[in-house]
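What follows draws every value from the coordinates through simple rules; no lab data is involved. Just so we're clear, the structure is a prediction, and the values are computed from it rather than from any experiment. Glycine also receives a Cβ, built like all others from the backbone with ideal geometry; neighbour counts cover every protein chain displayed.
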Amino acid sequence: MEHLKIGELVEFSLEKRIRKKLRSSEKMVAELVCYEPGQSTPVHHHPKQDEIFYVIEGSGQMIVGSEEVFLQPKSLIFVPAQTSHGITAARDSRLVILFIKAPNSTATV
């Protein structure tokens, strides 16, 4: 068993989003992504992987396929494999997201 204190791992940079691998195994990868206001992850997809995103703090928007989702704390978004998705932090809010997926992803931008 391992216990992580997510609040102690949150870190921001004005230059780019901070992405931290929390843990990985043969079957899953857990990462933390921290965005300054306006920072984003470009729209992309994973051919073979489902992903789960959990918003820890902040707000923003996520494009999932042809839908736009408003992100707020405690939002949970499931993105099936082969579905385009991208994230943008709101212009007035930092954004912290935990995501979990299978390892060895191949992203297509």
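Quick notes on this one:
- If you check 54, 35 for being more than 22 Å from residue 102 (Cβ to Cβ) and in contact (Cβ under 8 Å) with a residue 40 or more places away in the chain, only one passes: 35.
- Pair list, Cβ under 6 Å, 6 or more apart: the stretch 70-87 residue outside any strand (DSSP E or B), other residue β-branched (Val, Ile, Thr): 73/55; 75/55; 84/43
- Test result for residue 22, assigned to a strand (DSSP E or B), closer than 18 Å to residue 86 by Cα and out of contact with any His (no Cβ under 7 Å at 6 or more places or on another chain): no
- If you go through the stretch 57-92 and keep only what is within 19 Å of residue 103 (Cα to Cα) and among the β-branched types (Val, Ile, Thr), you end up with 77, 79, 83.
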